[in-house]
1. Binning every alpha carbon pair distance of the chain at 20 Å from zero, what are the percents per bin?
2. Could you work out the relative contact order of the chain, using alpha carbon pairs under 8 angstrom and six or more residues apart, expressed as a whole percent?
3. State, to one decimal in nm, how far the label point of D433 lies from the label point of S144, with both points 7 Å from Cα in the Cβ direction.
4. How many angstrom lie between the C-alpha centres of segment 288-307 and segment 209-287?
5. Which order do F277, F140 fall in if you start with the one that has the fewest other Cβ atoms within 10 Å?
6. Stretch S92-E332 to full length: gain in nm at 0.36 nm per residue minus the Cα-Cα span?
7. Report the normalised scattering of segment 153-262 as log10 I(q)/I(0) at q = 0.13, 0.17, 0.21, 0.24 Å⁻¹, calculated by the Debye formula with identical scatterers on the alpha carbons.
8. Please list, by residue number, everything in segment 282-320 whose backbone N is under 15 Å from a paramagnetic label point 7 Å out along Cα→Cβ of D203.
Amino acid sequence: MGRSAKRLRGDEKPLPHLSMTNTRPPLAPWVAAFLVACGGAASYGPTTPAPTSPTEIADLHDGARVTGLDDRRFDHQGYWDAVEPYLGGSVSSRVAGESAEGRSIRHITFGSGPVTVLLWSQMHGNESTASMALADMTRFFHDSPDHPLARRIAEGATVHMIPMLNPDGAERFRRRNAQGIDVNRDARRLQTPEGRLLKTVNDELQPDFGFNLHDQSAAVRVSGTDLGVAIALLAPAFNEARDVDDKRRRAMQVATLLIEAVEPLVGQHVAKYDDTFNPRAFGDLMGAWGASTVLIESGAWEDDPQKQHLRKTNFVGILAALDAIATGRYAEYDPEVYESLAYNGRRLPDLLIRGGTVAVPGIPVLEADLLVEYSMPLLEEGGMISDIGDLGTSEAQDTLDVDGLYLVPMSSALDAGGGLDVGAPAHFTVADDPEGRRVRFLFEGRPSTRR
């Protein structure tokens, strides 16, 4: 992210960097989700500040941050090696069950208060941001049980965490489990061992509150704006009518609290997730089963490919929410602030390659633009062609201008008959000539080797 450079034209010498134009919007100050009539000041509900402010919680993160999780593509062993030193003392841990491939799924507990809270993360194996945050929270609870924040949480709530619910997916850094099932669409049939485990823990605990922790696409914009979504929130519907009963209203109040808590870190880059009821999804059915459930989706942040800033944002938001739940302060928050949030909006493709001439060997050349989608968008790796042609009205997160140059597909981009099609790897030689002899640079799933 954050790339920009001069245009690269066919009559110029190679530049020291690519001609990339970044259309990701600059970060902007917070625009309040809800304004009171008098004076237009932001009003979340409470008239007194939180005992421990979001800024103070953010300051705690440096001391609580667990080492060894800097790369978000950690595996099961790496995760628990990093967390293991912080289990014990005020933090208890047990093996709650196993994945389809026999990897342990662990259940961490802190506190002994009357309000029961259940948090689970990484039920999609490639959505690891909250797992990092739960590791940091575990360390905070372990190392600082006498901190006023930890003490209030422990006295008012019992916090149960299941980090990395889908360790087999995490091992492959993919969404689905080893059986090929989306665990978050298994709440009704309960065919996966991971889904059954979560349902069993829920039935045993009968939690008052639940936190369903996920990552969403980096390409999503806040509806009606060009702002990328850093955090999306949802108080899920528990039926088709999307009724709001007491437990869902409580979830909306917690969501409003979360908006306030993450504001110092992500400003107005907050949206609401689609609240259409899904009878197969755990977040929705947790509400039907009795918990006030909140979905937190971590999107993307500028220059944060490993999502370390959003890791900290989750740490701050979740601890602030647990504090308010443990003390009952969440009830002072206005659910209309959450309701007024703009929804997740349009999704922008990753890259537009504009102005070039596509030269497939043995086929007439043509002027054409290309859209590229990365399999690893935050790292800008694994580009695949998603469209070819006149894309002059298309938007993308980044633009590569190759005006006057030729895009010569490599053999890996061509089908068995030597043709080019969408879905192919974005592998090209970018050159001054249609044969690809005078090479400017290579594009192998991403701009790469220069010559």
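A short reminder: the numbers here are calculations on the coordinates, not readings from a lab. Treat the numbers as computed from the prediction; the structure is a model and nothing was measured. Using ideal geometry, Cβ is built from the backbone for each residue, glycine included, and neighbour counts are taken over all protein chains shown.
1. 24, 50, 23, 3
2. Values: 1054 pairs, mean separation 76.7, N = 451.
Taking the mean separation of contacting Cα pairs over the length of the chain, I get 17 percent.
3. Taking the two extended label points, one gets 6.5 nm.
4. Taking the Cα centre of each part, segment 288-307 and segment 209-287 sit 8 Å apart.
5. F277, F140
6. Details: separation 240, 0.36 × 240 = 86.40 nm, distance 3.15 nm.
Length gained between S92 and E332: 83.3 nm.
7. At q = 0.13, 0.17, 0.21, 0.24 Å⁻¹ the computed log10 ratios are -0.69, -1.16, -1.41, -1.40.
8. Answer for this model: 286, 289-290.
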